[in-house]
1. Would you confirm, using the coordinates I've provided, whether residue 383 is outside the structural domain of residue 796 (by TED's automatic domain parsing) and in contact with a helix residue (DSSP H, G or I) (Cβ under 9 Å, 6 or more places away or on another chain)?
2. Could you tell me which of the residues 217, 195, 206, 178 is at pLDDT below 95 and over 26 Å from residue 68 (Cα atoms)?
3. Kindly indicate whether any position in the range 774-791 is under 25 Å from residue 690 (Cβ atoms), out of contact with any helix residue (DSSP H, G or I) (no Cβ under 9 Å at 6 or more places or on another chain) and not in a helix (DSSP H, G or I).
4. Which one is surrounded by the most Cβ atoms within 10 Å (Cβ to Cβ), of the residues in the range 222-259 that are in contact with a strand residue (DSSP E or B) (Cβ under 7 Å, 6 or more places away or on another chain) and more than 18 Å from residue 302 (Cβ to Cβ)?
5. Do you know which residues across the range 731-765 are under 14 Å from residue 809 (Cβ atoms), out of contact with any helix residue (DSSP H, G or I) (no Cβ under 7 Å at 6 or more places or on another chain) and either assigned by TED's automatic domain parsing to the domain that holds residue 562 or free of Cβ contacts under 8 Å to residues at least 40 places away in the same chain (or both)?
6. If we scan the range 446-467, do we find a residue that is farther than 24 Å from residue 556 by Cα and at pLDDT below 90?
7. With respect to the numbered conditions (1) surrounded by 22 or more Cβ atoms within 10 Å (Cβ to Cβ); (2) closer than 30 Å to residue 134 by Cβ, which one is the sole condition not fulfilled by residue 603?
8. Among the helices (runs of 4 or more DSSP H) contained in the range 217-307, which hold 3 or more residues that are in contact (Cβ under 8 Å) with a residue 60 or more places away in the chain and closer than 20 Å to residue 204 by Cα?
């Protein structure tokens, strides 16, 4: 008995621990209303529907028992059941209570899972758009119909369970007979079961009536278009009248069952039920098949065209692609002026040579600094302003990597190593002479163009474990030349462990008993968990679908993770459905599942990027901002969870500068636009204009090419805009059908404008796969690639960027080499093609010059350090300083190869001192000679240590 009591108490505390820790976490992030609203909604649904189900089953069992016939009338069949009745008799109240409790618990748990459906129904706001068939507001299908269907399903379950329970009770107590001669059922049993069957058939009538409206959101396979949602000709002219007729038959059949209370015979109800089943087969199945075969198929396009028009309009509205601009584009240059083409190539786009999906190992090698830091395998592209000009920037955070700490144990993993440190960023459009990124933010602590900000990263994409901070145990902050620095967390994030109850609850929740008694936990200790941006936003807004790629940005004096979030529904009439997991998959998500929405296998037919969320990398604070102010689904959720979403006007400008158009939404829209770019039903049904998303030509994965961010200008535009771009090809072919882009600059009037440049169908324009094949088959390029692969080197192709240029299309692809002693990719070559001309050169400028046969007249201003003339002279003091600089440089290179960062830092300091001595000495010589500037031997001077690309962790040239 003692062990049993202890076991029950232990189980109770385990359940309490889960509940209590959840409550503490939601309170710590200031979203306790989300927890309480969700909890009370689930509890309410559980008890209401659990009691309804238990009552329905219990009352019918009680009624069947009360209506039992006298025992004296028992037949031989019933006498054989006597021992069962004898066994049940002493416990029948407990059996009744237990049975009804069981079905109530199951029903209540099922109903609690419908909390989203309930909240959307009770808080639903109108779309102010009506469906074209029944002229009902879209909110009926999105918010009302799902709840009605749940109620209907619950009613069916209650009726069937009650019918089974009542029939078994009647049989046990003699109301029903199976083998005995004479009447098979008593009058009381007949009446009772007839009423239950009447209720069941009544629910079936309601189901037929709701099925009429369900046709507007029904999915079917349509040969002409594939996946189809909404009514077609056969639905409107066969299924719809059939459902109405079946509704009437079901109502009549239900009345016949209820009439059995007075007639005491099954004859008419059974005949009516049989007719209903036969009608369902003939009217609901055979008749629509005949209509499809003999009316629709002989003239399908004419019959289906009106319904296709409705589907086209609804789908374009539901996915936000109704404003897409489709423009014819020649695909060949409008001018033969090579100089003009070359100049226009400089201004058409800021060609991003740094591929964020390849250079992560380079960031890791040059900027990791310590093994317990790491960068994500896919970096991010953002914009940062310098000297009043926006620069496309590749950015990543130096996050904590527990696999790299010197020794793994509980204290190190959860108390000592708790956070990452600093931002690393590089120009997206260039690399240094050695192919390394030109870092604009670098070193540890980070320094560069981004100014002062809180550099500690307690919340990040790679931070999946819990940490206990703020207590007596000091945390490792970072290390520099003077040694290891420690810190103690001063943020308000996390849950306090000062209470013994809290410590016990987390010890149980995390299955870690040391939390309960460890001396490393004391006053001020707080536990941080749920630390990835995605899971934090998902937790505080469980009604949102989260984009697969959260990205960091330095906003003011802090690092913020920016998370795009979507509102979706599966109930937009006539809009075709898509499966998010399949539609958002591409070659990047296949390689890195953390960036995919592969878990989101739910089908939707309406999506809006309604919320922009931020997560502070230091405090973990989650903020939700309204983005789409017209979205009725967001308005509904805001009613359900008031105060959780801030107004769009509250977005600070510093944050607005880093918001962008989300990739997953763009991928969903491009998939829909492969078919829905046409606006007339005839072309849509013919399938002649169907496109496809091409496979990524830079690898052999067979997955779709990802969209790319870059600053570019579309034809007719005067300036570049940060954009998200992709290419589209004909179905089953490799030539180009269209180039698609969306303006990704948040806060501008053009944000979200989707443009499609449609290539001519009568002439083949090379698509990405063909362009890549041309690169690989060009003899001179193939030979150069073979030489780059010499030894143990590997060649990696970067993003193949497409840029519209004067009527033609410019393709640019960076080529990286990884090999030798350097196990990280470096930019070595740039592939460029335009109008059939191809170049494979060391720099983008050289490749463009070769392709167009002309030099560019507009080039980017060189870095300040590159314009400064190198100090050189025949003066012995100058020469001695230069020799010292060369020695320091060579020493630094040796230290770099060995990974000795301390020696490397010392060599860089010596290099800087030597160069400064040389420059001062040269200045004295020039002053004495009455001349300025000096000329010369630039080969003697290594790159200045102060420049970003030659920082101690980036390596000197």
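1. The answer is no for residue 383.
2. Only one candidate passes the filter, namely 217.
3. no
4. 229
5. Of everything in the range 731-765, those that are under 14 Å from residue 809 (Cβ atoms), out of contact with any helix residue (DSSP H, G or I) (no Cβ under 7 Å at 6 or more places or on another chain) and either assigned by TED's automatic domain parsing to the domain that holds residue 562 or free of Cβ contacts under 8 Å to residues at least 40 places away in the same chain (or both) turn out to be 741, 764.
6. yes
7. All conditions are met except number (1).
8. The helices (runs of 4 or more DSSP H) meeting that bar are 240-263, 267-281.
The values are calculated or read from the model by the stated rules, or taken from the named source; none is laboratory data. All of these numbers come straight from a predicted model, not from anything done at the bench. Using ideal geometry, Cβ is built from the backbone for each residue, glycine included, and neighbour counts are taken over all protein chains shown.
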